[in-house]
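Participant: Pasting a structure here, questions to come.
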Amino acid sequence: MRFDSYITKGIGGFYYVKTADGIVECKARGIFRKKKISPVAGDFVRLATEAGQTVIDEILPRKNVFIRPPIANLDVLFIVVSTTQPVPSTRVIDKLTAIAVHKGVKPVLVLTKTDLAPDGGLAALYRHAGIDTICVDYSDPDGLRRVQSYIPDHICAVCGNSGVGKSTLLNALLPGQQRETGGISQKLGRGRHTTREVELLEAFGGLLADTPGFASLDTSRALHIPKEELQHAFPEFAPYFGKCRFTGCAHMAETGCAVKQALEEGKIEPSRYESYAALYEEAKDVKEWQLR
Ligand SMILES: Nc1nc2c(ncn2[C@@H]2O[C@H](COP(=O)(O)OP(=O)(O)OP(=O)(O)O)[C@@H](O)[C@H]2O)c(=O)[nH]1
Ligand SMILES: [Mg+2]
Ligand SMILES: [Zn+2]
């Protein structure tokens, strides 16, 4: 079984591990702290008994790990974007899709509030860029069904700015587990949410992280994408690799660049290329030693 003994959440040094026998509350062996490894939600673990207490003895190899929000082994990231207030930003979407792809996570763009405003071409833009995109309209079950179809056998999480409709989406997917929506979180400020722990909920034969706190992914140094690897975080560039005049082409100002040629021919979306160029400039300024 794919989801054998995994951490559903961690709070103040205690971990809740889902096992075949139910949820076990336990601590981690001291060795983890010494090695500066923190178990996180999504970690697959082995338990052992130490002085009569159940402890996390081993963390199985991770596919990926995020520090903020703390979650491991993520397969699918639903990037929730509203067609109207808060207004969508292609730069933010592109940074999130790039981080997801870089970490081996499948990004899925979920457009909300399509009942209030048209998507302004966003769905077409991202489908053209090869990013799975779903328009959710709560009066039509089709969009929700499509979101659901990504969940079986996968560990999934939802991200997006405050107010885009993450909780609304989770509530629609999991009607038994109502989360707060609307103005409440805004009144209390964002800080309250960002401190909330990640909790993995069982849903549709997969796991869905309830992370109302993660307005946007931690885009700090921990999630920096090295400039040489950035091109691989834009899947639609792939057909042009190896076709540029210069090996090691950064697809920036070089002549004979196949990526820029594709951009000029309309095969690559201008906003996607602009995001690539902006992220590349950012990445150039990060020195190796700053990543430690
Ligand atoms: N008309 C309409 N309203 C929506 C839709 N999705 C969300 N809303 C409304 O938008 C507001 C914000 O939605 P939430 O689900 O609380 O947003 P959130 O992303 O969880 O926000 P935070 O918890 O602050 O990060 C609420 O009033 C929702 O009812 C939608 O598809 N259509
Ligand atoms: Mg919320
Ligand atoms: Zn090039």
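Participant: Suppose we keep only residues that are small (Gly, Ala, Ser) and not in a loop (DSSP other than H, G, I, E, B) within region 100-128. Which one would you say is surrounded by the most Cβ atoms within 10 Å (Cβ to Cβ)? Even if it seems obvious, please write down each step before you answer.
Facilitator: At the first step, the residues of region 100-128 found to be small (Gly, Ala, Ser) are 100, 104, 117, 120-121, 123-124.
Right, trim to not in a loop (DSSP other than H, G, I, E, B) and you get 100, 123-124.
Numbers: Ala100: 24, Ala123: 18, Ala124: 12.
Restricting to residues being small (Gly, Ala, Ser) and not in a loop (DSSP other than H, G, I, E, B), the top hit is Ala100.
Matching residues to (1) in a loop (DSSP other than H, G, I, E, B); (2) within 11 Å of ligand 2 (Cβ to nearest atom); (3) among the polar types (S, T, N, Q); (4) modelled with pLDDT of 90 or more:
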{"position": "Asp153", "(1), (2), (3), (4)": "yes, no, no, yes"}
{"position": "Val158", "(1), (2), (3), (4)": "no, yes, no, yes"}
{"position": "Asn161", "(1), (2), (3), (4)": "yes, yes, yes, no"}
{"position": "Val164", "(1), (2), (3), (4)": "yes, yes, no, yes"}
{"position": "Leu169", "(1), (2), (3), (4)": "no, yes, no, yes"}
{"position": "Gln178", "(1), (2), (3), (4)": "yes, no, yes, no"}
{"position": "Gly182", "(1), (2), (3), (4)": "yes, yes, no, no"}
{"position": "Gln186", "(1), (2), (3), (4)": "no, yes, yes, no"}
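Participant: Right, here's the next one. Could you check, for region 217-240, whether at least one of its residues is buried (at least 18 other Cβ atoms within 10 Å of the Cβ), of a type in the set (A, V, I, L, M), over 25 Å from Asn64 (Cα atoms) and modelled with pLDDT of 95 or more?
Facilitator: no
Participant: Which one of these is more than 13 Å from ligand 3 (Cβ to nearest atom), more than 29 Å from Val65 (Cα to Cα) and surrounded by fewer than 19 Cβ atoms within 10 Å (Cβ to Cβ): Glu254, Glu265? Break it down stepwise before answering.
Facilitator: Numbers: Glu254 fails: more than 13 Å from ligand 3 (Cβ to nearest atom).
None of the other options fit; the residue is Glu265.
Participant: Which ones in region 5-39 are farther than 13 Å from Leu200 by Cβ and open to solvent by 90 Å² or more (accessible area, probe 1.4 Å)?
Facilitator: Selection gives Ala20, Asp21, Glu25, Lys27, Arg33, Lys34, Lys35, Lys36.
Participant: Next question, about the same structure. Could you please find all residues in region 42-71 being of a type in the set (A, V, I, L, M, F, W, C), at pLDDT below 95 and buried (at least 19 other Cβ atoms within 10 Å of the Cβ)?
Facilitator: Matches in region 42-71: Phe66, Ile71.
Participant: Between a residue in region 105-133 that is on the phi > 0 side of the Ramachandran plot and any residue that is more than 16 Å from ligand 2 (Cβ to nearest atom) and part of a loop (DSSP other than H, G, I, E, B), which pairs come within a Cβ distance under 6 Å, given they are 6 or more apart or on different chains?
Facilitator: Matching pairs, first to second residue: Lys113/Thr83; Lys113/Thr84.
The values are calculated or read from the model by the stated rules, or taken from the named source; none is laboratory data. What you see is a predicted model, and the numbers here were worked out from it, not measured in a lab. All Cβ positions, glycine included, derive from the backbone under ideal geometry; neighbour counts span all protein chains shown. Areas reflect the complete protein model, heavy atoms only, side chains present, ligands, DNA and RNA absent. Shrake-Rupley method; radii C 1.70, N 1.55, O 1.52, S 1.80 Å.
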